Every structure is written in structure tokens, then in C-alpha cells.
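Peer 1: Here it is: the structure, laid out below.
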Amino acid sequence: MKKRQIFIELTSLLDVILIMLFMILMQARTQTNSAMAEAEEVKASVDAIKQELTDAQLKYEQELSEVQLKYEEVNNEYASLQNSYGILERQIITDNLVIDNSLVITVSIEADGSIRMETTGKQPVSIPYDWNDETYAENSLKAEANNRIQQSSEETVFYIFQYDRSKIYEKEYNLICNSVERIKQSAKEYGKWVNYIEIDVSSNKYSA
């Protein structure tokens, strides 16, 4: 008995297979493109985050540098202030020692033209000034100064003349200046040394 032969049309089957492969490849390509696009988005997001982190780090480093610089400036200023404070403190101690161990007589001209004399621990004295009789004012000034120098136990005397150049008259100024040398001479007889200082309060300038 002969076997029945079966003929299969391969061309049609091959077309179907090729179409299926094409569809699979297209689907795979679409998925690949989608995955690549998604990967690009992820990469862009990662790059953006990296850039933000880089910018944040640069900003932090810049701010840190500015803070460190400011700290150094403040620290240097503090050190300078400490040094200045130390100098001022020592100067105050020295000034207080000088003042505490010296007699300080301050002479000034009042608004009415009279001469005012002040000494620490004593009542101020006002000496009238008469334009027609300057001798009285000069003698009174020398007598009062000599009396205070003689009664003081301090050997060093600071005789300070305070005036406003724009308000004092020349005759008043000369009277005070002319009395200084005689006061110094008299003080030497008591073993005292007189330091004379002029201060123009209008300009805060002084001379000795």
C-alpha cells in the first residue's frame, strides 16, 4: 500500500513568519526607543541634579570662604581692640598715678571776663578782671596759685590754661602767660616743679 504524500506551501508560511518577525522587531524597536528616551530623561535629570549639587557645593565653598575671611577680619579687629584696650588701660593707670601724685591747677576765663581757678579737692576761685587795673588780677592770680602750690604736699604741679581762641581777649591771654614764669619761680622756692600747658578748647590743640 502506498503512503499518501502531503505538500505544504512554504511560500505563504514564510511570509507569515517574516511578517511576525517584522512585527516583533518593530515592537522591540519601539520599546527600545522608548527605553532610550526614558534613559535620556533619567540621564538629563541626573545631570541636572549633579549640576545643582555642583552649584550648591561651589556656593557653599564661596560662602564658607567669605565666612572664614569675615572671621579673620573680626578676629584681627578683636585682637587690635584688645591691644588698644591694653594700651588705654595702662595709659589710664599711668595718668591716674600722675594725677594722684601731682597738683593740677586749671585756669580759664569765664563769660564775664573773670579768671577762674580750679584745683582738685578745693573750691573754685573767681578772680575779677578789671580792664583799668590789670595788676590786681595778675597779683591775685599769682598769690592764689602760689598759696595752693605751697600748701600742697605734691612736688609736681600741672598748671593748665584752658581758653577759646575765638572768645578770649589778647590782654587776658597775655596776663595769664605773663604770670606763669613768676609762679614757676616762686614754686622753686618751695621745692616744687611747675609744668605749664595751654589748651585751645576750640581746636583741642595744646602746647607746653
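Peer 1: For the range 105-114, check the following and say yes or no: at least one residue is at pLDDT 85 or above, touching a Leu at 6+ places or on another chain (Cβ under 9 Å) and polar (S, T, N, Q). Break it down into steps so the answer makes sense when it comes.
Peer 2: Residues of the range 105-114 at pLDDT 85 or above: 105-110, 114.
From what is left, the residues that are touching a Leu at 6+ places or on another chain (Cβ under 9 Å) are 107.
Now drop any that are not polar (S, T, N, Q), which leaves none.
Checked against the condition, which is being at pLDDT 85 or above, touching a Leu at 6+ places or on another chain (Cβ under 9 Å) and polar (S, T, N, Q), the range 105-114 yields no hits at all.
Peer 1: On to the next question. Within the range 40-55, is even one residue modelled with pLDDT of 85 or more and polar (S, T, N, Q)?
Peer 2: yes
Peer 1: Looking at this structure, is GLU154 of a type in the set (Asp, Glu) and at pLDDT 90 or above?
Peer 2: So GLU154 fails the test.
Peer 1: With the structure loaded, tell me whether TYR159 is out of contact with any helix residue (DSSP H, G or I) (no Cβ under 6 Å at 6 or more places or on another chain) and open to solvent by less than 20 Å² (accessible area, probe 1.4 Å) or whether it fails that test.
Peer 2: So TYR159 fits the description; yes.
Peer 1: Give the residue that is nearest to ALA187 (Cα to Cα), with candidates limited to residues of the range 128-156 that are assigned to a loop (DSSP other than H, G, I, E, B) and open to solvent by 60 Å² or more (accessible area, probe 1.4 Å). Can you show your working first?
Peer 2: Within the range 128-156, the subset assigned to a loop (DSSP other than H, G, I, E, B) is 128-129, 131-132, 152-155.
Imposing the further condition that a residue be open to solvent by 60 Å² or more (accessible area, probe 1.4 Å) reduces the set to 128, 131-132, 153, 155.
On the way: PRO128: 24, TRP131: 28, ASN132: 29, SER153: 12, GLU155: 9 Å.
So the residue we want is GLU155.
Peer 1: Going by what's in this entry, would SER108 be described as assigned to a strand (DSSP E or B), open to solvent by 60 Å² or more (accessible area, probe 1.4 Å) and within 18 Å of ILE168 (Cα to Cα)?
Peer 2: Against the criterion (assigned to a strand (DSSP E or B), open to solvent by 60 Å² or more (accessible area, probe 1.4 Å) and within 18 Å of ILE168 (Cα to Cα)), SER108 does not qualify.
Peer 1: Give the residue, chosen from LEU97, LEU64, that is farther than 30 Å from LYS192 by Cβ, part of a helix (DSSP H, G or I) and at pLDDT below 90.
Peer 2: Checking each option against the conditions leaves just LEU64.
Peer 1: So is VAL125 surrounded by 13 or more Cβ atoms within 10 Å (Cβ to Cβ) and closer than 15 Å to ILE183 by Cα or not?
Peer 2: Considered against the rule, which asks whether it is surrounded by 13 or more Cβ atoms within 10 Å (Cβ to Cβ) and closer than 15 Å to ILE183 by Cα, VAL125 comes out as no.
Peer 1: Picking from LEU81, LEU97, LEU64, which residue would you name as being among the aliphatic types (A, V, I, L, M) and either under 30 Å from GLU154 (Cβ atoms) or touching a strand residue (DSSP E or B) at 6+ places or on another chain (Cβ under 8 Å) (or both)? I'd like the intermediate steps shown before the answer.
Peer 2: Working: LEU81 fails: either under 30 Å from GLU154 (Cβ atoms) or touching a strand residue (DSSP E or B) at 6+ places or on another chain (Cβ under 8 Å) (or both); LEU64 fails: either under 30 Å from GLU154 (Cβ atoms) or touching a strand residue (DSSP E or B) at 6+ places or on another chain (Cβ under 8 Å) (or both).
Criteria check complete, one pass: LEU97.
Peer 1: Next question. Applying the selection to the range 163-193, what residues are surrounded by 17 or more Cβ atoms within 10 Å (Cβ to Cβ) and not in a loop (DSSP other than H, G, I, E, B)?
Peer 2: TYR163, GLU172, LEU175, ILE176, SER179, VAL180, ILE183, LYS184, SER186, ALA187
Peer 1: Continuing with this model, one more query. So, ASN76, is that one closer than 20 Å to CYS177 by Cα and open to solvent by 90 Å² or more (accessible area, probe 1.4 Å) or not?
Peer 2: no
The values are calculated or read from the model by the stated rules, or taken from the named source; none is laboratory data. On a predicted model such as this, the values are computed, not experimentally measured, just so you know. Here Cβ is always computed from backbone atoms with ideal geometry, including for glycine, and neighbour counts include all displayed protein chains. In case anyone asks, the SASA skips ligands and DNA or RNA and just uses the protein heavy atoms, side chains included. Shrake-Rupley method; radii C 1.70, N 1.55, O 1.52, S 1.80 Å.
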